[in-house]
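One structure below.
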Amino acid sequence: LLPRTSARLGTLTRTNSEALVGAQTTPRRYRAAHGAEPDFTRGVAITSSIHPDANTHIEPVRYGRRSNAMGGLTILQVPYAEKLPRALGWLLNTVKHPVLTGRSLSNRRWSERTIIGLVMQSLDNSLTTYRRPRGPGKGLLTARQGHGAPNPTQIRAATEAATLLARDINGFAGSNVGELMGTPLTAHFLGGCPIGADPDHGVIDPYHRLYGHPGISVVDGSAVSANLGVNPSLTITAQAERAMSLWPNKDEPDPRPAQGAPYER
């Protein structure tokens with residue numbers, strides 16, 4: 001690790017408050033409803049979205065043909081329940097639908113018969129990531145609850161969206177194995193290098209220079225310190241473009257104030 005790096009490193013790590021759900025169908029079921037073979041691989045990966053409430057954003061996502069590896073993480077839907085334990089609810093669902101449980105574990109032509117529901121929220125929750133200091137897994141990256149509300153282990157709107165997707169393709173709703181264990185997956189791992197006025201409040205300064213190492217600039221997703229509730233690519237690009245626009249040209253004085261000086265607009 002670089003010496004003199006701020007102790008704030010790893011704070012305000014964000015997951016975009018996400019859930020990854022989806023729906024699968026089978027050739028027989030899809031033919032019965034639509035008279036054709038299922039093939040959801042044709043077309044642009046993400047084309048549309050909806051906002052079921054003020055904080056939630058859902059996008060249908062398609063994968064390319066033969067992109068079936070993610071199918072290894074999918075399981076039959078974990079029913080949303082506020083009082084019933086998730087694992088128990090899922091077990092009851094598998095007992096109720098044993099055939100669908102088996103089909104949910106099949107990777108054969110998974111991308112052709114699956115629609116993903118990418119669910120993102122703009123709520124203020126975060127993790128603090130750090131390296132495990134001792135014991136089994138010493139040195140590995142891990143996380144604990146951070147600033148803000150607790151990270152959601154399950155999102156009602158995500159479960160409902162997957163159910164509606166399944167109805168539309170005459171299939172069955174699915175979740176991922178992380179949701180079953182209370183550790184939902186994310187497609188957008190952000191933050192961990194918050195911007196701050198000094199090393200006590202941030203890892204990088206308002207010009208994206210690393211505190212303690214002003215010759216290093218951090219301009220990737222780790223500098224995004226909020227759950228955006230949308231795909232973060234354009235935000236990352238905008239922040240990077242702004243930071244680069246303030247770099248000094250060759251042989252010209254640096255227009256940015258020294259680290260520790262008040263921020264100048």
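FYI, it's all coordinate maths here, none of it is from the lab. It should be emphasised that the depicted structure is a prediction, and the values quoted were computed from it without experimental measurement. All Cβ positions, even for glycine, are placed from backbone atoms using ideal geometry, and neighbour counts span all protein chains on display.
General observations
- Subtracting the Cα-Cα distance of Glu37 and Ala258 from 0.36 nm times their residue separation leaves 73.3 nm of extension gain.
- Full-stretch length increase - Thr235, Val177 - with 0.36 nm per residue and alpha-carbon distance subtracted: 17.9 nm
- Couplings for the stretch 110-125, taken from phi via the Karplus curve 6.51 cos²θ - 1.76 cosθ + 1.60 with θ = phi - 60°, read 4, 5, 6, 10, 10, 10, 8, x, 8, 10, 10, 10, 9, 6, 8, 9 Hz in order; Gly and Pro are left as x.
- Principal semi-axes of the equivalent ellipsoid, √(5λ) from the alpha carbon gyration tensor of the chain, are 42, 21, 15 Å from largest down.
- Placing a pseudo-label 7 Å from each Cα along the Cα-to-Cβ vector at Thr94 and Met244 gives an inter-label distance of 4.8 nm.
- Separation between Cα centres of the stretch 53-114 and the stretch 214-259, rounded to whole Å: 38
- Taking 0.36 nm per residue of separation and subtracting the Cα-Cα distance, full extension of the segment from Arg144 to Leu164 would add 3.9 nm.
- Integer Hz, Karplus 6.51/-1.76/1.60 couplings in order for the stretch 200-216, x for Gly and Pro: 6, 10, x, 8, 10, 8, x, 9, 6, 7, 6, 4, x, 9, x, x, 9
- Packing, taken as the mean count of other beta carbons within 10 Å per residue, orders the peptides 184-195, 127-138 from highest to lowest as 184-195, 127-138.
- In terms of the mean number of neighbouring beta-carbon atoms within 10 Å, the peptides 238-244, 18-24 order highest first as 18-24, 238-244.
- Among 59-69, 115-125, 40-50, the peptide with the highest mean count of other Cβ atoms within 10 Å heads the list, and the full ranking is 115-125, 59-69, 40-50.
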